[in-house]
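Only one structure is covered here, and it is reproduced in the block below.
The values are calculated or read from the model by the stated rules, or taken from the named source; none is laboratory data. Computed from a predicted structure; not experimentally measured. As a convention, Cβ positions derive from the backbone with ideal geometry for all residues, glycine included, and neighbour counts pool all protein chains shown. These area figures cover heavy atoms from the full protein model, side chains too; ligands, DNA and RNA do not enter into them. Shrake-Rupley method; radii C 1.70, N 1.55, O 1.52, S 1.80 Å.
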Amino acid sequence: MAHGNEVALVPLHAELSVPEAAAILHVPEPYLEEMLDGGRIPCRRSGAQRHVRTEDLLAYYRDMEFRRREALDRMTAYDQELGLQ
């Protein structure tokens, strides 16, 4: 907020539309739809629309963040092993 960024409060039990969920993850909607189709993020269908629970979306985000940090840690260790750092 101090840097002028928007902040949104969303209840964990709320359901998000695909555009809303894609905006939170900062990914294109078609990419999110592929993740939903592949079952990587649970969703609920309502007619032609899909809805993602905020709780499920944040769990996916936390998991991906954890994996990203693990990969960066491995790369840093490998760089140090090779004497690149």
Heavy-atom surface of the chain, accessible at 1.4 Å and reported per residue (Å²): 79
Fully extended contour minus Cα-Cα distance, from Tyr61 to Arg45, at 0.36 nm per residue: 3.7 nm
Summed residue charge, Cβ within 12 Å of Arg69's Cβ, Lys/Arg positive, Asp/Glu negative: 0
Per-selection Kirkwood Rh - the chain (Cα, Å, 1 d.p.): 14.9
Heavy-atom accessible surface of the stretch 43-82: percent carbon and sulfur, 1.4 Å: 50
